[in-house]
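**Student:** Okay, here's the structure, questions in a sec.
The values are calculated or read from the model by the stated rules, or taken from the named source; none is laboratory data. Quick caveat, the model's predicted, so the values are computed rather than measured. Positions of Cβ are backbone-derived with ideal geometry, glycine not excepted, and every protein chain shown enters the neighbour counts.
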């Protein structure tokens with residue numbers, strides 16, 4: 001079945017450091033890929049998405065590129081801020097599915113210190 | 001446009017009881033999905049409703065059920081509660097305009113269920 005694997009956390013960085021959170025997936029066909037962020041006590045917010053190979057999703061300084069050849073969708077940000085502290089989830093939605101069904105990775109806790 | 005709303009936000013129940021959670025999707029969204037989030041199992045898909053019909057189902061026991069109304073609002077019911085049902089239950093809605101298209105899902109704040 002489909003699966004998503006994220007790098008183990010937690011990740012602790014200093015403000016303005018470079019961020020990479022690795023995400024790889026296993027799925028048939030061409031799934032859509034997503035990054036969601038969860039702040040303490042809240043639900044999930046869509047951060048960015050990509051629906052086909054080589055697409056780059058971007059939002060709020062975060063970027064991720066859909067790499068079909070390496071089945072990856074790594075999240076990057078050039079300069080993190082304290083306000084980026086949250087849990088980040090990589091997810092996929094299968095292409096052949098007739099509905100909406102997300103498979104999530106384990107989540108990566110990010111803490112950014114001033 | 002208002003986001004996805006879930007009620008109640010917090011709930012405390014005892015083992016053996018049943019509970020009903022409610023979700024109102026974004027206006028115009030026709031699909032509602034439910035997820036369970038726990039520290040041990042992470043985020044797991046429960047089921048999806050579209051046009052008042054269950055379209056997808058995850059791997060949960062029959063104690064977990066749901067329904068969708070004609071206005072797309074959805075309810076989730078858990079009967080005979082167990083301690084392991086303690087979790088954050090998240091609802092997500094999407095447009096679902098085209099069958100087979102992986103629509104973006106927008107999540108509500110969740111309902112925190114504690115089973116004692």
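**Student:** Being more than 14 Å from chain B (Cβ to nearest Cβ), under 28 Å from residue B:93 (Cβ atoms) and surrounded by 14 or more Cβ atoms within 10 Å (Cβ to Cβ) narrows it down to one of A:102, A:92, A:75, so name that one. Walk me through it before giving the result.
**Tutor:** Working: A:102 fails: more than 14 Å from chain B (Cβ to nearest Cβ); A:92 fails: more than 14 Å from chain B (Cβ to nearest Cβ).
Among A:102, A:92, A:75, only A:75 is more than 14 Å from chain B (Cβ to nearest Cβ), under 28 Å from residue B:93 (Cβ atoms) and surrounded by 14 or more Cβ atoms within 10 Å (Cβ to Cβ).
**Student:** Quick one: which strands (runs of 3 or more DSSP E) sit completely within region B:41-116 and have at least 1 residues that are farther than 22 Å from residue B:8 by Cα?
**Tutor:** Working: elements: B:42-50, B:53-57, B:64-68, B:74-78, B:87-94, B:111-115.
In region B:41-116, B:42-50, B:53-57 are the strands (runs of 3 or more DSSP E) which contain 1 or more residues that are farther than 22 Å from residue B:8 by Cα.
**Student:** Of the conditions (1) closer than 22 Å to residue A:94 by Cα; (2) at pLDDT 95 or above; (3) touching a strand residue (DSSP E or B) at 6+ places or on another chain (Cβ under 6 Å), residue A:27 satisfies every one except a single condition; which number is it?
**Tutor:** If we test residue A:27 against (1) closer than 22 Å to residue A:94 by Cα; (2) at pLDDT 95 or above; (3) touching a strand residue (DSSP E or B) at 6+ places or on another chain (Cβ under 6 Å), just (2) comes out false.
**Student:** Restricting to region A:16-48, what's the tally of residues that are touching a residue at least 40 places away in the same chain (Cβ under 8 Å), surrounded by fewer than 16 Cβ atoms within 10 Å (Cβ to Cβ) and either in a strand (DSSP E or B) or within 11 Å of chain B (Cβ to nearest Cβ) (or both)?
**Tutor:** Adding up the residues that qualify gives 5.
**Student:** Can I ask one more? Can we say residue A:51 is in contact (Cβ under 8 Å) with a residue 12 or more places away in the chain and away from chain B (no Cβ under 11 Å)?
**Tutor:** no
**Student:** Which of (1) closer than 27 Å to residue B:112 by Cβ; (2) more than 10 Å from the chain's Cα centre (by Cα); (3) not in a loop (DSSP other than H, G, I, E, B) is the odd one out, the single condition residue A:58 does not satisfy?
**Tutor:** Here residue A:58 meets the rest and fails (1).
**Student:** On to the next question. Only residues that are closer than 19 Å to residue A:31 by Cβ, touching a residue at least 12 places away in the same chain (Cβ under 8 Å) and outside any strand (DSSP E or B): list them for region A:70-114, please. Steps first, please.
**Tutor:** So the first thing to find is which residues in region A:70-114 are closer than 19 Å to residue A:31 by Cβ, and the list is A:70-75, A:88-107.
Subsequent filtering for residues that are touching a residue at least 12 places away in the same chain (Cβ under 8 Å) retains A:70-75, A:88-96, A:102-107.
Across region A:70-114, the qualifying residues are A:70, A:71, A:73, A:74, A:94, A:95, A:96, A:102, A:105, A:106, A:107.
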